[in-house]
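A short reminder: the numbers here are calculations on the coordinates, not readings from a lab. As the structure is a computational prediction, the values presented were derived from the model and not from experiment. Ideal geometry is used to build each Cβ from the backbone, glycine not excepted, and the neighbour counts take in all protein chains shown.
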Amino acid sequence: MTRKLQAIQGQDGVVTMYCCGPTVYRDAHVGNLRTFLLADLLSRTLQMVGLEVRLVQNITDVGHMAEDFSDVDKILAESEKTKVDPFEIARSYESKFHQDLALLNIKAADSYPRASEKMNQMISAIEQLIATDHAYVGTDGSVYFDATSFPSYGALSGNRLDALKPGHRYEYSDDGGKKFHADWALWKLAGTRTQMIWDSPWGAGYPGWHIECSAMSIELLDSHVDLHVGGIDLRFPHHENERAQSNSITGNETVTTWVHGEHLLFEGRKMSKSAENVVLLHDVVERGLDPLALRFTLLENRYRSQMDLSWASIEAAHVTLKRWRQLLAECGTDLECKFDSEISSAFTSDLDTPRAMQRLRAIEKDPTIGALDKRGFFLFADQVLGLDLNRLPESRELPSECKELLLRRQKARSEKNWAESDALRKELDDLGIEISDGVDGQSWQWK
RNA sequence: GGUCGGAUGGCCGAGAGGCGAGGCAAGGGACUGCAAAUCCCUCUACACGGGUUCAAAUCCCGUUCCGACCUCCA
């Protein structure tokens, strides 16, 4: 634990990765997706250099479902309102999450364990922590982790236990049973809840948020995580607490490297409900933009810099993406990748995707590079970029109505009836067809 | 108050002490019936004050401003 850049190693050619999220009480917005993309880019880069990756990403479908300080469980509230089973609601958000990943070309993880299905593992993790005096049953009957029992608490986030003041912003009303303000709940008693609760040695209730990641990574990745990914806001308290729990259970430094993705802003402000600037992938698609144009834009910024997203930047990416695909199509059909050391080292240098993108722009313009090589370099980069650069321009069948319009325009042009020709161009444009007039007459393509 | 990041042209953004990243927008030109697309050209910056150095956007010190996290969050 150094808080410095370090090389990723893994064991026997296998790297174990764990990525936090999502919480399935609402749609994942593009900021959430940026973090999941980070895990994908890391995984693709490791595979590029010949390592095998085992990636686990948890689905938080219970226990950590409050969006603000109100402590209202979003799923239970929605269930109350719509009379739909809470697990059904969680599953529907979960399936939307998978759809979003697919649209962004994020490769599927090896497993997506659900918190609700790992109760036994969490309960036995908590039992172990109690047995080793890292946890205790509070005066309210809930179980808490004893922060002072873990000497290096704070090493990950840079916080010091003695500098962490009792939250002046608010305090959990149900955390009254703690001994120390920095302690956190491992198991919360059900109280008035009747749904999404489980039996445990301490009574019916539900797990605290942080314990699921410890329990799952220990079980599914054999007690060792080479690379742990999450958003910057999870560094504290979530990852700090997870580290304390996991290390207390395994007796080792469970996670070798923590990687945190920075926040995404939208048009200058942090994406949030109150700022009314939450953007979903669905919104991108609805504007007629390729979802991979979002991926493109995200790749043009370093993962650990705060980035300001805007519609203008996605639209610009959409155009460039189309141009690159066109370029590749013109350069043949060969599927051979061609190694480029600059691109490769950009990826392996702390995931410098902007530099890789810049290199591609240079290759695109370079007249001394032949078509086959150009194609090869782009395909090589696309292994990590995941932009479907080899996708052919859309070949959707032209409706007869449009064919008719095209013929009429051709005729108008031959008669130099420019007014008619321009009107028809506009009409076709509205139908999603882009016209260009060259020396060989008019040609068209889908926008 | 504690901890950690930032500040680069109209905008977004890379920058490895030493040949002005790149993109978007804008303007001009080529091409075009006119457009679109494409190509060419143009404009141009390192928050402020010191210091180190032959040489600083880059390293050091100070100042100002902005942001993030400090028990909700990707």
key: Estimated inter-spin distance, A:Ser124 and A:Arg391, nm [label 7 Å along Cα→Cβ]   = 4.4 nm
task = Return the long-range amide H neighbours of A:Ile59 (sequence gap of 5 or more, or a different chain), with a cut-off of under 5 Å between placed amide H atoms.
result = A:Arg114, A:Ala115
Pair A:Leu407, A:Ala371: separation of 7 Å Cα→Cβ label points (nm) = 3.2 nm
Estimated vicinal HN-Hα couplings, Hz - segment A:371-378 in sequence order (Karplus 6.51, -1.76, 1.60; Gly, Pro = x) = 4, 5, 5, 4, 4, x, 5, 5
inquiry  = Run lengths n ≥ 4 of DSSP H only: what is the helix-derived mean residue ellipticity at 222 nm for chain A, with -39500 (n - 2.57) per run over all residues, to the nearest 500?
reply    = -12500 deg cm²/dmol
remark   = Restricted to segment A:1-128, the DSSP antiparallel beta bridge percent, nearest 5, is 10 percent
message = Nearest 5 percent is fine: what portion of the DSSP beta bridges confined to chain A is antiparallel?
response = 50 percent
message = Output the 0 to 90 degree angle, nearest 10, between the alpha-carbon long axis of helix A:240-250 and the longest principal axis computed from the alpha carbons of chain A.
response = 60 degrees
task = For chain A, find the longest principal axis of its Cα atoms and tell me its angle to the long axis of helix A:211-220, 0 to 90°, nearest 10.
result = 70 degrees
ask   = Residue separation times 0.36 nm, minus the C-alpha to C-alpha distance between A:Ile232 and A:Glu427: what's the value?
value = 65.4 nm
inquiry  = Run the numbers for A:Lys179 and A:Asn159: contour at 0.36 nm per residue of separation, minus the present Cα-Cα distance, in nm.
reply    = 5.3 nm
note = Phi angles of segment A:147-157, converted by Karplus (6.51 cos²θ - 1.76 cosθ + 1.60, θ = phi - 60°) into ³J(HN,Hα) in whole Hz with x for Gly and Pro, give 4, 6, 7, 10, x, 8, 4, x, 4, 6, 9
request  = Straight distance only, please: which lysines reach the Cα of A:Lys365 with their own Cα at less than 23 Å, same-chain residues fewer than 8 apart left out?
outcome  = A:Lys322, A:Lys338, A:Lys374
message = Can you give me the long-range amide H partners of A:Thr257? Hydrogens built in the peptide plane at 1.01 Å from N, cutoff under 5 Å, separation of 5 or more residues or another chain.
response = A:Leu227, A:His228
remark   = So for R0 = 51 Å, FRET eff. of A:Glu88-A:Thr148 from the Cβ-Cβ r, to 0.05, ends up at 0.75
request  = Could you check which residue among A:Trp418, A:Trp202, A:Trp311 shows the biggest mean-square fluctuation in a GNM of chain A with a 10 Å Cα cutoff?
outcome  = A:Trp418
query = To the nearest 0.05, how large is the calculated FRET efficiency for A:Trp418 and A:Thr194 if R₀ is 56 Å and r is the Cβ-Cβ distance?
reply = 0.15
query = What is the sum of charges around A:Phe380, taking Lys and Arg as +1, Asp and Glu as -1, for the other residues whose C-beta is under 13 Å from the C-beta of A:Phe380?
reply = -1
request  = Just add up the charged neighbours of A:Leu328: K/R +1, D/E -1, any other residue whose Cβ is under 13 Å from the Cβ of A:Leu328.
outcome  = 0
message = Output wanted: per-residue J couplings in Hz (rounded whole) for segment A:74-86, from phi through Karplus 6.51 cos²θ - 1.76 cosθ + 1.60, θ = phi - 60°, x for Gly and Pro.
response = 5, 5, 5, 5, 5, 5, 4, 6, 9, 6, 9, 4, x
request  = Starting from the Cα of A:Gln358, step 7 Å along the direction of its Cβ; do the same at A:Leu335; then give the gap between the two resulting points in nm.
outcome  = 3.4 nm
